[in-house]
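Working notes, structure below.
The values are calculated or read from the model by the stated rules, or taken from the named source; none is laboratory data. As the structure is a prediction and not an experimental result, all values here were calculated from the model. With ideal geometry, Cβ positions are generated from the backbone for all residues, glycine too; neighbour counts draw on all protein chains shown. With ligands, DNA and RNA removed, areas are computed over all heavy atoms of the protein, side chains included. Shrake-Rupley method; radii C 1.70, N 1.55, O 1.52, S 1.80 Å.
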Amino acid sequence: MTDAATPVATDEDILAAAQAWREAGRGVAIATVVETWGSAPRPVGSHLVIDEEGDFLGSVSGGCVEGAVISDALDVIESGAPRMLEFGVADETAWRVGLSCGGRIRVYVERVE
Amino acid sequence: MKLPLLTALNAERAARRAAILVTNLASGEQRLVREAEIDADPLAGALHDALRRGKSGIVAESPEGEVFLNVQVPPTRILVIGAVHISQALAPMARIAGFDVTIVDPRTAFATPERFPNVELLDVWPDEALASRPLDRYTALVALTHDPKIDDPALDAGLRAECFYIGALGSKKTHARRVERLRDAGFDEAAIARIHAPIGLDIGAVSPAEIAVSVLGEIVGELRRDRRRRP
């Protein structure tokens, strides 16, 4: 649906896109929020799907750390080895790719085989 | 994730069936457990608990080590019986709030696309509509016609399908007669008490749009019952 009442892609659309992209022969990774502490912007279970060109759909943080997740996802698409990423104020990279809300999240990134 | 697993997961979602994707975070091993298969799974207890709460999360100390349970429940949906004024306001509001919306009314004078743009509209009797789109626990049922011929069969089906919300428009007198009919149809008091009537939160709503706000608020309140400060 493209009308203004549904601006946000649902998880269903996101996972359907992951399937469609992979079936079209593209390298695809799925990033999933598996744990949150504090006031994290997106709930556990939220997905971001990324293809080998860096195209993406969905969200794991509402924009705060998507860039870093996409860059790791490209490595995962290349290597096939899943990765656990962690972002938050305790992280020394917080000022660079942190969550402005002060929360922390763990994101699991895996390749679609 | 293996593509066949992702395909199977998407198929469950498309069929509006709940499923849980179990990921071993140490090994990366994964399996899809459909709702009907939970009892046979080694993690049955944790899976039932996660599904009941509708929440994804990590189980740190399972017999399999640290696992992530990704709970996939169908998108919540509102089925409205009656293509009336309130529905005209409720449909766009509900879609903004993230619900899929379907309107059912066999009265073709009411159920016109002009009155309901961008909404799934079925100008058939509820029995026929529900045959192709069965009610389930992830559906809210809103009966707004106050015509027993149209509302009652849907309410009957909604109670049997354990819809997470059931609301019916009508005065106290209308509802008292409805309760009589439901009793005669064999429903017990606990089942009948699941119907929100008078429909909507008590916000003194007057206009159709205000009533739609009160109904949508009541639906969200049922969906998020476990987060409420006053359950």
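Output wanted: per-residue J couplings in Hz (rounded whole) for the stretch B:205-219, from phi through Karplus 6.51 cos²θ - 1.76 cosθ + 1.60, θ = phi - 60°, x for Gly and Pro.
Result, rounded to whole Hz: 4, 10, 6, x, 5, 5, 5, 4, 4, 5, 6, 5, x, 5, 5.
Going out from 0 in 10 Å bins, what whole percent of all Cα-Cα distances in the stretch B:70-207 drops into each bin?
12, 45, 35, 8, 0
Determine the shape class of the stretch B:168-231: with a ≥ b ≥ c the square roots of the Cα gyration tensor eigenvalues, call it rounded for a/c under 1.5, and otherwise prolate if a/b is greater than b/c, oblate otherwise.
Oblate is the answer for the stretch B:168-231, as a/c is 1.5 or above yet b/c matches or exceeds a/b.
Just to check, using Stokes-Einstein with a Kirkwood Rh over alpha carbon pairs, what's the diffusion coefficient of chain B at 10 °C and 1.306 mPa s in µm²/s?
82 µm²/s
Under a plain spin-label model, where a point goes 7 Å from the Cα along Cα-to-Cβ, how far apart in nm are B:Arg181 and B:Lys55?
Here the modelled spin labels are 4.0 nm apart.
What distance in nm separates the two pseudo spin-label positions at B:Asp147 and B:Val206, each 7 Å out from Cα along the beta-carbon direction?
2.9 nm
Could you check what % of the DSSP bridge pairs in chain B are antiparallel, to the nearest 5?
The answer is about 45 percent antiparallel.
Could you give me the ³J(HN,Hα) list for the stretch B:14-30, computed from phi with Karplus coefficients 6.51, -1.76, 1.60 and θ = phi - 60°, whole Hz, x at Gly and Pro?
4, 8, 6, 10, 6, 7, 10, 9, 9, 10, 7, 6, 7, 9, x, 5, 9
What does the accessible area of B:Asp156 come to, in Å² to the nearest 10, when a probe of 1.4 Å is used?
Accessible surface of B:Asp156 is approximately 40 Å².
Can you list the residues, at least 5 places off or on another chain, whose amide H is less than 5 Å from the amide H of A:Ser46, using H built in the peptide plane?
It is A:Val33, by chain and number.
Which whole-Hz ³J(HN,Hα) couplings does the stretch A:30-35 yield from phi under the Karplus relation 6.51 cos²θ - 1.76 cosθ + 1.60, θ = phi - 60°, glycine and proline marked x?
10, 9, 10, 6, 9, 7
Got a number for the accessible area of A:Trp37? Probe 1.4 Å, square angstrom, nearest 10.
About 90 Å², ignoring ligands and nucleic acids.
Explain nothing, just the number: relative contact order of the stretch B:1-97, from Cα pairs under 8 Å at least 6 residues apart, as a whole percent.
For the stretch B:1-97, the relative contact order is 28 percent.
Can you list the residues, at least 5 places off or on another chain, whose amide H is less than 5 Å from the amide H of B:Glu120, using H built in the peptide plane?
B:Val101, B:Ile103
In percent, how large is the relative contact order of chain B, given Cα pairs closer than 8 Å and 6 or more residues apart?
Here the relative contact order equals 14 percent.
Could you work out the equivalent-ellipsoid semi-axes for the stretch B:3-72, taking the square root of 5 times each eigenvalue of the Cα gyration tensor, largest first, in whole Å?
Ellipsoid half-lengths, sorted descending, are 18, 14, 10 Å.
Find the eigenvalues of the gyration tensor of the Cα atoms of the stretch B:36-139, then list the square roots of 5 times those eigenvalues as equivalent ellipsoid semi-axes, largest first, in whole angstrom.
Over the Cα atoms of the stretch B:36-139, the semi-axes work out to 39, 15, 8 Å.
Treating the protein assembly as shown as a set of equal point scatterers at the Cα positions, no solvent, please give the Debye-formula log₁₀ I(q)/I(0) at q = 0.09 Å⁻¹.
-0.57
Rounded to the nearest 10 Å², what accessible area does B:Ser27 show when all protein chains are kept and the probe is 1.4 Å?
Approximately 70 Å² for this residue.
If the reach is capped at under 25 angstrom between alpha carbons, list the lysines near B:Lys172, excluding any in the same chain fewer than eight residues apart.
Cross-link targets: B:Lys149.
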